[in-house]
Amino acid sequence: MTRPNLAGIHHTAYRCKDAKETVEFYRDALGMAFTTAFAENHVPSTGAYDPYMHVFLDARNNNVLAFFELPEQPDMDRDRNTPEWVQHLAFRVSSVEELTSAKEHLEGMGLDILGPTHHGIFQSIYFFDPNGHRVELAADIGTADQYEELARVAEPMLEEWSRTKKAPQHAAWLHEIARAEHGVD
């Protein structure tokens, strides 16, 4: 028996409060095309009665974002034991200039935007969709050497974290880059 030969992520799916509002938000805010809708009264995988609308949006580059509206389920909520900043959808933009332009566009829509935040090898902005899902737009700015170094220290960092549950310092240089960019000592 062999492991599956994955060809990428087919789609990611989240719950939404209102399918139409969600489609309009991702279309207007991020330019995603609404491509597909499925609606059933019974869940195909389980046979359970649970009416739903399942919508799919093209996030480009063969990436698909999907949402379920479940009108007969209790109101959606978030995991209260996990901070809001942890679970999020992160999308790549091609440059810091595009990130800045996106921020202006989203603020023009009345959204509260956090950032840009400098992460050493990328910069990002954050905001919430109408369902309360945190969304991040990120622009890569790292060098090939920086990405290579991060790959080199990934295993040692994970091993140290597993033993200590304290932040390993193998990649502390990322924060030094961010501080230098902002002129902070």
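Here, each number is a calculation from the coordinates, and none is a lab measurement. These numbers were taken from a predicted model, which means no experiment stands behind them. A quick note on method: Cβ atoms are made from the backbone with ideal geometry, for glycine too, and the neighbour counts reach across all protein chains shown.
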**Request:** Could you let me know the centre-to-centre spacing of segment 92-133 and segment 57-85, using Cα atoms, in angstrom?
**Result:** 19
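If Lys and Arg each add +1 and Asp and Glu each add -1, what is the summed charge of the other residues whose beta carbon sits under 13 Å from the beta carbon of Lys17? Numbers along the way, then the final one.
Working: positive: Arg15, Lys20, Arg78; negative: Asp18, Glu21, Glu24, Glu69, Asp75, Asp77, Asp129.
Taking every other residue near Lys17 into account, the sum is -4.
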**Request:** Could you tell me which of Leu106, Ala172, Gln123 has its Cα farthest along the dipole of segment 61-185 towards the positive end, charges placed at Cβ (Lys, Arg +1; Asp, Glu -1), taken about the Cα centre?
**Result:** Ala172
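Just check segment 1-72 against the gyration tensor rule for me: Cα atoms, a ≥ b ≥ c as the square roots of the eigenvalues, rounded for a/c under 1.5, and otherwise prolate or oblate depending on whether a/b exceeds b/c.
On the way: a/c = 2.86, a/b = 1.07, b/c = 2.68.
Here segment 1-72 falls in the oblate category.
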**Request:** Note down the nm distance, to one decimal, between modelled labels 7 Å out along Cα→Cβ at Gln146 and at Leu158.
**Result:** 2.3
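For the chain, give the magnitude of the charge dipole about the Cα centre (Cβ charges: +1 Lys/Arg, -1 Asp/Glu; no others), in debye to the nearest 20. Please list the in-between numbers first.
Working: 16 positive and 30 negative charges, 99 e Å.
Dipole of the chain, to the nearest 20 debye: 480 debye.
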**Message:** If each residue of separation counts as 0.36 nm, what is the full-extension length gain between Thr2 and Leu111 once their alpha-carbon separation is subtracted?
**Reply:** 34.6 nm
